[in-house]
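One structure is given here, and the rest of the page talks about it.
The values are calculated or read from the model by the stated rules, or taken from the named source; none is laboratory data. Predicted model only: the values in this text are computed from it and were never measured. Positions of Cβ are backbone-derived with ideal geometry, glycine not excepted, and every protein chain shown enters the neighbour counts. The protein model used for the area step is the full one, side chains on, heavy atoms only, and it has no ligands, DNA or RNA in it. Shrake-Rupley method; radii C 1.70, N 1.55, O 1.52, S 1.80 Å.
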Amino acid sequence: MDTPVKAAAVVLDSVSKSYGSVEILKNVSVSIAPGEVVTLLGPSGAGKSTLLRCINHLETISAGRIYVHGQLIGYREVGDTLHEMSDKEISAQRRSIGMVFQSFNLFRHMTVLDNVMSGPVHVLRMSKPQAEALARELLAKVGLPDKANRYPSELSGGQQQRVAIARALALSPSVMLLDEPTSALDPELSQEVILTIRNLAEQGYTMLIATHEMAIAKEFADRVIFMVQGEVVEDVPARSFFSAPRHERSRQFVARHAG
Amino acid sequence: MAEPRSVRVKHRWRWGAWLLSAIVLLAVFMLISAGVRAKIMNVEVFLSYLTSEQVLIGARNALILGTLALVVASVIGLVVALMRVSGNPILAALSATYVYFFRGTPMLIQLLFWFNALPTMFQRVYLAVPFTDVVVVDAPTTAVVTPFVAALAGLALAEGAYMAEIIRAGILAVDKGQRAAARAIGMTEYQVLRHIVIPQAGRIIIPAGGNQYIMLLKSTSLASAIGFLELLRITTDIYSSNFMVVELLAVAAFWYLVMTAFATAVQTALEKTFPQR
Ligand SMILES: Nc1ncnc2c1ncn2[C@@H]1O[C@H](COP(=O)(O)OP(=O)(O)OP(=O)(O)O)[C@@H](O)[C@H]1O
Ligand SMILES: [Mg+2]
């Protein structure tokens, strides 16, 4: 394995993905450095969610390789063949990859505290008191120290999303994948979630964020990856994407989302 | 703006519903008084059999059979439901076939099959641990398949098909998003099932399961056909010798109602313990 792969936080090396005969990701190559905040933009159906879900092997890929901190994800390479890993090995890899979903996906039968503790307790086998201390600390970090004993159904969308972020952080991931973290929220609630994400960015978390929220891309992302129909059309510093989009599709996209 | 006045609220009087209630109550009263006048039932005989030892044994046997059958059926149902949603086409087909077969034939036929047909097909039951000398069972089939064993097997296997469908519906009701989130924090497939899917599916399954428990308690009466001494068998045996048909059927009905009340209480308690979120 060459050094760039080892040094990068996330590497997608010629990744393709098909559902049946439809190609959803077409030969995607991307590299993200540790501490970098990258937004993934593109029209609906471009394959942003699919790309994120491939990185933690929630979806299988049809060709190519994905590395997170130098580790080949989901497969073991033997000779010239990739063998899919066992359930146990894949779940072990996922521990270091945090994921936040558009629809929050909190565990509805658990309190907020139990949601955040679930990873440390069941996956990391941390002791309950230790996990609880960690969970309370993270809930304070996302601004919800007083909601520990509530159930998800008793929280607003913005609060649920911040709990979901705390739940992901509880495993001390080295990379965070966020799939439209604010799309299900109205502007006011979006704001509190964006603030939380911004804090993470400032603390140096490596993040890949699929979003339709231009504020994230403009205000604190280092880089923009613009996708259309499963292909990476542009992969540039965030500033230059908005000031000087190179391709026709990106120009249209920037024009539509200007303001 | 005008000074606020206190007003009285007078709701409409629902005449129709009250009229219907009165008519139904009157009809019930007339029916009961007609029954009393005609002396359709000897209340003393009813009361004396109600708590007789034989009847209590029958009620206990029915409760044990029904409850055990539900427990075994739930385990079968869970396995069959998991096979169905496993994504493996052969397991799914086997599961669907099981459900079709055991839900599609009358329970009574299944009980008669296990008790009467099985021993004519296989004279001996022989079960040993492979590659060792350990013999678990080696006996004539008729000695192994007692009325209780046949009834339990029949009820549990038939009920397992219903429970499989109920559990499958419960599993499918837990949204994919939560399962993806559980995987994303590093849970194995087993942990996702154990910590996320089953607790939530369980809550959805409880009301339907309570219903099945009641059905099953009453279905234990089918075991009377293969000579298992449950409630119906015992009461019919008694009235075939003393001809107190009404009294003894009423005794049986009474205890089935008690069992149903018990099952309902269990269901309510479970629903309170695991509230829907
Ligand atoms: N399970 C699936 N089976 C078949 N096609 C799928 C499946 N999931 C997604 N697709 C297709 O893959 C394409 C990319 O979907 P994806 O959800 O990754 O897009 P996206 O960029 O996240 O869009 P959005 O902005 O609407 O979330 C779409 O055309 C979609 O219809
Ligand atoms: Mg998407």
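When Cβ neighbours within 10 Å are restricted to other protein chains, what is their mean count per residue of peptide A:122-131? Walk me through the numbers before you get to the answer.
Working: counts 10, 6, 2, 0, 0, 0, 0, 0, 0, 0.
Taking all residues of A:122-131 together, the mean is 2.
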* Structure fact -> Amide H neighbours of A:L178 at under 5 Å, excluding residues fewer than 5 places away on the same chain, with H built from the backbone geometry, are A:V100, A:L208, A:I209, A:A210
* To do: Classify chain B as rounded, prolate or oblate from the Cα gyration tensor: take a ≥ b ≥ c as the square roots of its eigenvalues, call it rounded if a/c is under 1.5, otherwise prolate when a/b beats b/c and oblate if not.
  => oblate
* **Summed buried accessible area for A+B [probe radius 1.4 Å, Å², rounded to 100]** => 1900 Å²
* With +1 on each Lys and Arg Cβ and -1 on each Asp and Glu Cβ, how big is the dipole of region A:97-173 about its Cα centre, in debye rounded to the nearest 20? -> 60 debye
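If you count, for every residue in A:103-115, the Cβ atoms of partner chains within 10 Å of its Cβ, what is the mean?
Values: counts 6, 3, 9, 3, 10, 9, 12, 5, 1, 0, 0, 1, 2.
Counting other chains' Cβ atoms within 10 Å and averaging over A:103-115 gives 5.
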* To do: Please give the FRET efficiency for A:S18 paired with A:S243, using the beta carbon to beta carbon distance and R0 = 56 Å, rounded to the nearest 0.05.
  => 0.95
* Asked: Once you sort the root eigenvalues of the Cα gyration tensor of chain A as a ≥ b ≥ c, which label holds: rounded (a/c under 1.5), prolate (a/b larger than b/c) or oblate (the other case)?
  -> oblate
* To do: Give me the distance between the Cα centres of region B:104-138 and region A:45-95, rounded to whole Å.
  => 48 Å
* Asked: Comparing B:A181, B:A62, B:A38, which has the greatest mean-square fluctuation in the GNM of chain B with Cα pairs linked when under 10 Å apart?
  -> B:A38
* Structure fact -> If every Lys and Arg gets +1 and every Asp and Glu gets -1 at its Cβ, then about the Cα centre chain B yields a dipole, in debye to the nearest 20, of 1400 debye
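Which helices of chain B meet both criteria: a Cα extent of 27 Å or more along the helical axis and a mean Kyte-Doolittle score no lower than -0.5, with helices taken as whole DSSP H segments? Working shown, then result.
Working: long enough: B:15-37 (33 Å, 1.90); B:53-85 (47 Å, 1.76); B:147-173 (38 Å, 1.41); B:198-219 (28 Å, 0.46); B:245-273 (42 Å, 1.27).
Going by DSSP H runs, the hits are B:15-37, B:53-85, B:147-173, B:198-219, B:245-273.
Given the Cα-Cα distance of B:N42 and B:A169 and 0.36 nm per residue of separation, how much length would full extension add, in nm?
Details: separation 127, 0.36 × 127 = 45.72 nm, distance 4.80 nm.
Residue separation times 0.36 nm, minus the Cα-Cα distance, leaves 40.9 nm.
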* Label-point separation (nm) for B:Q54 and B:V246, each offset 7 Å from Cα along Cα-to-Cβ? -> 2.1 nm
* Work out the length of the dipole vector of region A:1-121 about its Cα centre, built from +1 on the beta-carbon of each Lys and Arg and -1 on the beta-carbon of each Asp and Glu, and round it to the nearest 20 debye. => 260 debye
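Can you tally the net charge around A:E154? Count Lys and Arg as +1, Asp and Glu as -1, for every other residue whose Cβ sits under 10 Å from the Cβ of A:E154. List each step's numbers first, then the result.
Working: positive: A:K147, A:R150, B:R277; negative: none.
In short, +3.
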* To do: Please list A:225-233, B:23-31, B:238-246 highest first by mean number of surrounding beta-carbon atoms within 10 Å per residue.
  => A:225-233, B:238-246, B:23-31
* Asked: Quick one: Cα centre-to-centre distance for region A:166-196 and region B:224-277, in angstrom?
  -> 56 Å
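What's the average, rounded to a whole number, of partner chain beta-carbon atoms within 10 Å of each residue's beta-carbon in B:190-197?
Working: counts 3, 5, 3, 0, 1, 7, 6, 0.
That average works out to 3.
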* For region A:162-259, which trypsin sites (Lys or Arg not before Pro) are both in a DSSP coil and crowded by at most 14 other Cβ atoms within 10 Å? -> A:R246
* B:Y126 to B:A92: extension gain in nm, 0.36 nm per residue of separation minus the Cα-Cα distance? -> 9.2 nm
